[in-house]
Structure formats: C-alpha cells, structure tokens
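A.B. asks: Handing you a structure now.
Values in this text are rule-based calculations from the coordinates and carry no lab data. Just so you know, these numbers come straight off a predicted model, no measurement behind them. Virtual Cβ from ideal backbone geometry, glycine too; neighbours counted across all protein chains shown.
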Amino acid sequence: MRSAHIVLDGHVVAENLSLDFPGGRTTCLLGRSGVGKTSLLRHLAGLLPGSRATGPVAYMAQRDLLLPWLSVLENVLLGYRLRRDAAARRTAEPRARALLAEVGLADRLHDLPQTLSGGMRQRAALARTLCEDRQIVLMDEPFGHLDAVTRLDLQDLAARLLQNRTVVMVTHDPLEALRLGHEIRVLSGRPFAVGPVIAPPGAVPRDPGDAALLALQARLIGELRSGA
Amino acid sequence: MRPLITALGLIAAWEALVWLTGLPPYILPPPSRVAVVLVQRFDLLVEQAAWTASEMVLGLALGLVLGAALAVVFAASAAWRRWALPLVIVSQAIPVIAIAPLLVLWLGYGMASKVAMAALIIFFPVVSSLYDGLRRTDPGWLELARTMDAPPRAVLLQIRLPAALPAFASGVRIAAAVAPIGAVIGEWVGASAGLGFLMTQSLARGQTPLAFAALTILCLLGLALYTAADRLARRLVPWQPPQGD
C-alpha cells in the first residue's frame with residue numbers, strides 16, 4: 001500500500017501512509033479502539049469512499065454476516081451465488097463442504113444460521129471467507145466478541161486454514177496478535193502512525209502460555225498504553 | 001378462549017339491551033333475530049359474500065403485485081425514485097374514498113371498480129413497506145457482497161429483496177386488513193351485487209336484521225382474509241420465528 005490518505009467523516013485517520021504486507025504471511029495490526037484500524041482495513045478492501053481494493057480480497061468482518069434465510073452451506077457459497085457462475089459454483093461446492101468439515105460443521109450443512117451458537121456462526125463465516133479462495137484475506141477483529149476459550153480455538157483453526165495466504169488482521173487483543181501474526185505492527189496516535197515490524201519467534205499459532213510470548217504481550221500492552 | 005367468552009358476553013348484553021328497552025328491530029335488531037335471518041336468507045348471503053370475497057381477493061392480489069413491483073423498481077432505479085416517488089407520496093393526500101364515485105363512473109357498477117378501489121387503498125402501504133425494507137439492508141451484507149464482486153442485480157434479488165421480506169410481510173398484513181374496506185366502499189357507492197350492496201338495499205327497505213346478517217358475514221370474510229394473509233406473511237419469512245402471541 002502506497003501513500004494512502006484515509007479520511008473518515010471529515011477526520012484524517014491516516015496521512016501519506018505506506019505499508020508493506022509480506023506475501024503468504026499474516027500481519028496483525030494492533031491498536032486501541034478508535035485508532036483507525038478498521039478504516040485502514042476497509043481502505044484495503046476498497047470499502048471506503050474513494051478507495052479501491054488492492055486486488056481480489058476476501059473480507060471477514062467482526063459480525064458473521066451470515067444471511068439468515070440461507071443454509072450454512074449456501075452461506076459459505078454466497079460469493080459464487082452472487083456472481084451467478086454456475087460452473088464455478090459446482091467446482092466450489094466440494095471445497096465448501098470440506099471447509100465446513102474442517103471447521104467442525106459437517107453435520108450442520110443444511111441448517112439455518114439462527115440454529116447455531118456464536119462460535120459456530122463465526123466458524124461458518126471463516127469457512128465462507130476461505131471458500132472465496134483469494135490470496136489476500138482481510139480480517140477485522142474476527143473473533144472479537146467470542147468468549148476467551150472459543151476465541152483460542154478459533155485462532156488455532158484460523159492459523160491452520162490461513163497458511164500461505166497473505167492475511168491482514170486487525171485486532172485490539174495483543175495476545176491474538178502474538179498468537180497469529182508472523183508480523184505485528186502497532187498503530188497509535190491521531191492521525192495514526194504505524195510502529196516498526198515486530199516479528200515474534202516461533203510458528204503460528206503460538207502457545208498462549210509461552211513465557212517469551214507473555215513477556216512480549218506485557219511490552220505490547222505498555223506500548224498501547226503510552227501511545228494513546 | 002377468553003376473547004370468545006368476552007364476545008359471547010357482549011352479544012348477551014346486546015340481546016338484554018334490546019329486550020329491556022323494547023327497541024324496534026328496524027332500529028336495533030337483537031342478535032337472536034339476526035341469527036334467524038342469517039339462517040333463513042343463507043343462500044342469498046352466501047351468493048353475495050362470494051361476490052364480495054372475489055372483489056377483496058382480486059383487489060388484494062392486484063395491489064400486492066403492483067405495489068411490490070413498483071417498490072422494486074424504486075429500489076433499483078434512481079431515475080424512477082426521482083421522477084415518480086414524490087408523486088406516489090403526494091398521491092396519498094387524495095382521500096381514496098373520495099374517488100370511489102369516479103371509479104364507479106369509469107369502471108361501471110360491476111366488479112372492476114371494487115377491485116380497483118381495494119387495490120388502490122392498499123397500494124401505498126404495500127409500496128412503502130417493501131421499499132423501506134429494501135432501503136434498510138444491513139450495510140455489512142452490502143459490503144460483504146461488494147468484496148465478493150457481486151453485480152447490483154444479484155445484490156438486489158439475493159440480498160436486498162429477501163432482507164426486505166419481513167418488512168413486506170407487515171405490509172401484506174396491513175393490506176389484508178384494509179382491502180375489505182375498499183371493496184365495501186366501492187359497493188356502497190354503486191354496485192349491483194355484493195354484501196355492501198345488500199346492506200344498503202336492506203337498510204333502505206327497513207330490513208335492518210338482514211343488514212346486520214350481511215355485516216356479520218363481512219366480518220367473517222375480513223377475518224378469513226387476514227388469517228390467510230398472515231399465514232402467507234409467515235411463509236415469506238420462515239427464518240423469523242413468530243413473535244409475541
């Protein structure tokens with residue numbers, strides 16, 4: 001991303017911002033609420049007025065955004081439905097089924113989303129995001145409103161399924177960033193500035209009990225607090 | 001069960017009132033007298049009821065189809081919104097009842113003028129309920145569709161339209177409750193058949209019990225139409241559990 005200006009409701013969120021996201025890896029953008037993380041992600045997705053998508057992207061929001069009148073399987077295939085490409089849809093269907101099996105929803109294919117729990121719905125949304133099969137995946141606090149244990153489970157699942165894709169994930173949770181990010185960038189200030197690359201050691205998903213990781217978490221929290 | 005007991009209580013009170021005050025039947029017939037007429041003139045009542053029911057159902061269907069089509073056109077086309085939407089809103093300033101005589105003048109004493117009247121009276125609630133629903137799609141869904149490169153037509157038909165169905169369902173319920181008014185007003189103004197026609201005729205001849213019998217059937221028709229529309233409305237949104245009750 002080069003020389004981006006992000007303006008939201010007349011406020012400059014970021015000026016002359018250039019960022020590199022390493023291909024095939026997960027970059028976590030960490031920042032406090034209201035710093036402009038979501039605006040940055042929406043800018044990358046081409047969802048802000050005047051912004052253009054950086055190419056074909058798959059986008060996962062904080063809410064699951066499952067359509068209540070479609071079955072879980074149809075929701076996962078939504079992109080193919082909307083693009084009205086019957087042939088692509090036929091080839092995508094086995095992948096949709098396989099993804100739903102991976103996220104543990106193999107026996108809920110034909111159920112409506114309202115019959116699922118919050119964690120299951122978010123897993124279905126993850127399957128939908130991956131079913132789009134795009135190299136760039138943008139995620140906006142995808143596990144933000146789940147309970148702590150469900151969130152850890154989903155992080156493990158996401159780390160496995162997102163392997164080799166270029167992922168930009170926005171989060172306010174230092175632990176989440178440390179578990180999933182090959183690289184972490186801290187966003188702070190107004191308009192926000194992006195901190196240097198932090199690359200924690202070890203393969204993702206990292207163990208939440210690891211001592212080095214917890215020390216790094218303390219450092220990140222300190223940085224977030226001072227950078228307000 | 002409880003509303004039924006209330007209704008029976010009210011009917012009993014009505015019977016007692018007539019009995020105590022000695023009001024003549026051409027002013028206020030007792031329910032027992034209405035019931036007798038209902039049985040005696042049942043064939044006539046059924047014949048007229050079939051006529052009125054056809055007007056209501058056809059008017060409802062016509063109003064729903066035209067109203068829904070226009071709402072979709074408004075949602076799809078900015079030009080239509082700019083050129084025609086204000087007109088539809090302003091047209092609500094015309095009291096529909098006031099143009100009933102005109103409809104009879106143009107479309108005759110037959111069924112067409114009543115169907116038009118019923119369709120016209122429900123047209124606005126149908127258009128506005130569906131159009132409002134189409135405008136209030138969850139922006140999150142629309143953004144998701146945008147990242148999926150969905151064409152606008154697919155977004156309208158596969159996201160905005162289904163998302164608007166709960167709003168449309170309440171429009172259908174209102175329409176079913178209001179459509180009988182259109183049909184009956186049409187019959188009062190000028191008709192050669194129907195329950196409204198039967199009412200004006202029998203009142204003019206002092207046959208008040210027959211008018212009440214027609215009114216009773218009319219209530220049942222309205223109730224049946226509403227129940228049917230409510231069923232239809234629920235089938236439109238199977239993913240929404242029925243609320244209340």
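A.B. asks: Determine the distance separating the Cα centre of the range B:148-165 from the Cα centre of the range A:122-182; give it in Å without decimals.
C.D. replies: Using only Cα atoms, the two centres lie 27 Å from each other.
A.B. asks: Would you mind ranking B:CYS219, A:CYS131 so that the residue whose beta carbon has the fewest other beta carbons within 10 Å leads the list? List each step's numbers first, then the result.
C.D. replies: Details: B:CYS219 11, A:CYS131 24.
Exposure proxy ranking, most exposed first: B:CYS219, A:CYS131.
A.B. asks: Turning to a different aspect of this structure: Other chains' Cβ within 10 Å of A:37-46 residues: what's the mean?
C.D. replies: Details: counts 0, 0, 0, 0, 0, 2, 0, 0, 4, 3.
Mean partner-chain Cβ count within 10 Å for A:37-46: 1.
A.B. asks: Could I ask something else about it? Just to confirm the filter: which trypsin sites (Lys or Arg not before Pro) across the range A:50-88 are DSSP coil and have at most 10 other Cβ within 10 angstrom of their Cβ? Let's see the in-between values first.
C.D. replies: Working: sites: A:ARG52, A:ARG63, A:ARG81, A:ARG83, A:ARG84; in loops: A:ARG52, A:ARG63, A:ARG84.
Answer in residue order: A:ARG52.
A.B. asks: Which of rounded, prolate, oblate describes the range A:110-168, given a ≥ b ≥ c as roots of the alpha-carbon gyration tensor eigenvalues and a/c under 1.5 marking rounded, otherwise prolate only if a/b is larger than b/c? It would help to have the intermediate numbers written out before the result.
C.D. replies: Details: a/c = 2.13, a/b = 1.34, b/c = 1.59.
Oblate, since a/c reaches 1.5 and b/c is not below a/b.
A.B. asks: Would you mind calculating the relative contact order of chain B from Cα pairs under 8 angstrom and at least 6 residues apart, reporting the percent as a whole number? Walk me through the numbers before you get to the answer.
C.D. replies: Details: 278 pairs, mean separation 66.9, N = 245.
Relative contact order comes out at 27 percent.
A.B. asks: Given R₀ = 22 Å, FRET efficiency for A:ALA218-A:VAL197 by Cβ-Cβ distance, to 0.05? Before the final figure, lay out the partial values.
C.D. replies: Details: r = 19 Å, r/R0 = 0.87.
It comes to 0.70.
A.B. asks: Moving on to the next point. What FRET efficiency do you get for B:VAL46 and B:TRP239 if R0 is 35 Å and r is their Cβ-Cβ distance, rounded to the nearest 0.05?
C.D. replies: Numbers: r = 40 Å, r/R0 = 1.13.
Computed FRET efficiency for B:VAL46 and B:TRP239 comes out at 0.30.
A.B. asks: Starting from the Cα of B:TRP188, step 7 Å along the direction of its Cβ; do the same at B:LEU10; then give the gap between the two resulting points in nm.
C.D. replies: According to this spin-label approximation, the distance is 1.9 nm.
A.B. asks: Now, a different point. Which cross-chain or sequence-distant (5 or more) residues have an amide H under 5 Å from the amide H of A:THR26, H modelled 1.01 Å from N in plane?
C.D. replies: Result for A:THR26 returns A:VAL167, A:HIS182, A:GLU183.
A.B. asks: Can I ask one more? Grab the alpha carbons of the protein assembly as shown, take their convex hull, and tell me the volume per residue in Å³.
C.D. replies: On the way: hull volume 102.0 nm³, N = 473.
Spread over its residues, the Cα hull of the protein assembly as shown gives 216 Å³ apiece.
A.B. asks: Which cross-chain or sequence-distant (5 or more) residues have an amide H under 5 Å from the amide H of A:TYR59, H modelled 1.01 Å from N in plane?
C.D. replies: When sequence neighbours closer than 5 places are left aside, the close amide H contacts are A:LEU138.
A.B. asks: Name the residue farthest towards the positive end of the dipole of the protein assembly as shown from the options B:TRP141, A:THR27, B:PRO238, assuming +1 on Cβ of Lys and Arg, -1 on Cβ of Asp and Glu, about the Cα centre.
C.D. replies: Positive-end residue among those listed: A:THR27.
A.B. asks: Can I ask one more? What's the percent breakdown of Cα-Cα distances in the range B:99-231 across 5 Å bins, shortest bin first?
C.D. replies: Result, from short to long distances: 2, 11, 15, 14, 14, 12, 9, 7, 6, 5, 3, 2, 1, 0, 0 percent.
A.B. asks: As a footprinting exposure proxy, order A:GLU141, B:GLU47 by other Cβ within 10 Å, with the fewest listed first. Kindly include the intermediate steps, with their values, before the conclusion.
C.D. replies: Working: A:GLU141 20, B:GLU47 14.
By the 10 Å Cβ count, ascending: B:GLU47, A:GLU141.
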